[in-house]
1. Take E66, E53 and sort them by solvent-accessible surface of the protein heavy atoms, 1.4 Å probe, largest at the top.
2. Would you mind working out the accessible area per residue for the stretch 29-174, using a 1.4 Å probe, and quoting it in Å²?
3. Under the rule a/c < 1.5 gives rounded, and otherwise a/b versus b/c splits prolate from oblate, where does the stretch 40-81 land using the Cα gyration tensor?
4. To the nearest 10 degrees, how steeply does helix 65-82 sit against the main Cα axis of the chain, on a 0 to 90 scale?
5. What is the angle, in °, between the Cα long axis of helix 41-51 and the longest principal axis of the Cα atoms in the chain? Nearest 10 is fine, range 0 to 90.
6. Taking square-rooted eigenvalues a ≥ b ≥ c of the alpha carbon gyration tensor, is the stretch 16-174 rounded, prolate or oblate, where a/c under 1.5 means rounded and, failing that, a/b exceeding b/c means prolate?
7. What FRET efficiency, computed as 1/(1 + (r/R0)^6) with R0 = 22 Å and r the Cβ-Cβ distance, is obtained for A2 and E53, rounded to the nearest 0.05?
8. Relative contact order for the chain: what percent, with Cα pairs under 8 Å and sequence separation of 6 or more?
Amino acid sequence: AAALAEDGWREIELLLTYSRRLGARETRLLSGVRWALPGDKAAVVEIAGNAYEHDRLHRDPMVPKEVADGVKREWASAAFESGEGGTLVMQCENRVVGFLMPKLIDSAVIVDLLAVAPEFRGRGFARKLLDTAIHSFRSKLHIRAGTQRSNDAAIELYESSGFAIISRQSTFHK
């Protein structure tokens with residue numbers, strides 16, 4: 001890391017990758033969570049554009065916030081359109097307030113994107129989305145998720161849900 005810093009590289013984030021074994025005993029289905037419908041796309045994309053702050057683009061002072069937000073919107077839009085793994089949404093007060101986009105890879109499910117609208121955080125909605133994904137994909141061997149070391153809420157969510165860190169990776173930008 002010191003050699004990279006001498007060459008003008010900056011450490012932007014430390015990405016933590018978590019994993020948890022799945023099995024047939026997963027039985028929690030929670031109210032308010034459902035599979036997304038085509039009409040949910042705009043809400044999901046809007047949440048994606050406003051919910052992130054710990055990822056490598058939002059933490060890089062050289063990347064304008066509008067650009068970082070736009071990347072998250074495009075990512076969510078493309079993932080929603082692909083339909084791979086479906087999208088789980090959390091509904092509250094008759095609107096979509098959070099989502100989880102899984103990716104299915106071999107014997108694992110990857111939490112590709114997970115977000116809750118800022119004004120609805122702290123109500124357990126991310127946990128409900130994660131618990132529903134764990135239940136929905138219980139036939140897979142593992143569920144994996146990544147988060148940044150600076151994201152205390154996500155770390156607490158994954159660790160309290162039985163996930164363990166399997167890797168740490170630094171991201172550098174020049």
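The values are calculated or read from the model by the stated rules, or taken from the named source; none is laboratory data. Only a predicted model underlies this, so the values are computations on that prediction, with no experimental measurement involved. Note that each Cβ is placed from the backbone with ideal geometry, even for glycine, and that neighbours are counted across all protein chains shown. Just the protein is used for accessible areas: all its heavy atoms, side chains included, with ligands, DNA and RNA removed. Shrake-Rupley method; radii C 1.70, N 1.55, O 1.52, S 1.80 Å.
1. Working: E66 135, E53 105 Å².
The ranking, largest first, comes out as E66, E53.
2. 51
3. Prolate, because a/c is 1.5 or more and a/b exceeds b/c.
4. The two axes meet at around 40 degrees.
5. Taking the Cα atoms of the chain, the angle to 41-51 is about 40 degrees.
6. oblate
7. Computed FRET efficiency for A2 and E53: 0.20.
8. 40 percent.
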